[in-house]
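I have placed the structure first, in the form of structure tokens, so that the comments after it can refer back to it.
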Ligand SMILES: Cc1cc2nc3c(=O)[nH]c(=O)nc-3n(C[C@H](O)[C@H](O)[C@H](O)COP(=O)(O)O)c2cc1C
């Protein structure tokens, strides 16, 4: 199973990337896990659709090659970061060629705030519904980031937090697997 992880932040010190690294380590050992990077994408402009740039094609190909996608979104101003929205807009075009169409997806997010990205995730779910993605409903995972819970090597020391991420990783893998079976029998 190929699982792609999208981190909705371009900050080198992104807390969502730290959490994503832990989630990646909790996915099934036989899964081929890769991080999908959108940081090279320019601002999306529909005038580019007629001569779609290679960087946009590469981004779409990287999504379409996966059996399942995990998106970790930060919450910026009660929504998803602009850089993530830009990348999602690229994935949706050219018209009729949406890369998330029928794709199995799981979403979560980490925040230093108490709301734990709940609003950003809801916005992200709206977008993915429009894309006709097959988004995992539960467990909703609003991860409150505590820097003290992480060791110097990036490992998560807190057992309760680790159980939350383990539950999310297991459910995501099961969702992708079930989706693949349905797709294969269709
Ligand atoms: C422009 C901006 C807006 C933010 N708005 C929110 C917010 O609405 N809710 C929240 O919980 N955190 C908010 N934060 C704090 C983020 O949770 C925090 O910066 C976090 O580190 C972002 O995730 P990242 O490090 O993976 O980029 C905001 C941060 C920035 C820079």
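Only the coordinates and a few stated rules stand behind these numbers; no lab work does. This is a predicted model, so every value here is computed, not measured. Heads up, the Cβs are rebuilt from the backbone with ideal geometry, glycines too, and the neighbour counts pull from every protein chain shown.
Things worth noting here:
- Label reach from residue 171 (point 7 Å along Cα→C-beta): in region 115-142, amide nitrogens under 17 Å belong to 116-126, 134-142.
- Residues 108, 136, 1, arranged from fewest to most other Cβ atoms within 10 angstrom of their Cβ, appear as 1, 136, 108.
- Equivalent-ellipsoid semi-axes of the chain, from the Cα gyration tensor, Å, largest first: 26, 20, 15
- Degrees between helix 54-64 axis and first principal axis of the chain (Cα, 0 to 90, nearest 10): 60 degrees
- Folded to 0 to 90 degrees: helix 82-92 orientation relative to the chain principal axis, Cα: 50 degrees
- By other beta-carbon atoms within 10 Å, ranking 40, 29, 64 with the fewest at the front produces 29, 40, 64.
- Our summary gives region 41-186 a relative contact order of 22 percent, counting only alpha carbon pairs under 8 angstrom and 6 or more residues apart.
- Rounded to 10°, Cα long-axis angle of helix 159-185 versus longest principal axis of the chain: 30 degrees
- 20 Å tail of the calculated P(r), region 39-99, as % of Cα pairs: 27 percent
- Computed over the alpha carbons of region 17-65, Rg followed by Dmax gives 14.5, 42 Å.
- Take every DSSP beta bridge whose two residues both sit in the chain; close to 10 percent of them are antiparallel.
- MRE, 222 nm, helices only [DSSP H, n ≥ 4, -39500 (n - 2.57), over the chain, to nearest 500]: -13000 deg cm²/dmol
- Whole-angstrom gap from region 66-138 to region 1-64, using each part's C-alpha centre: 12 Å
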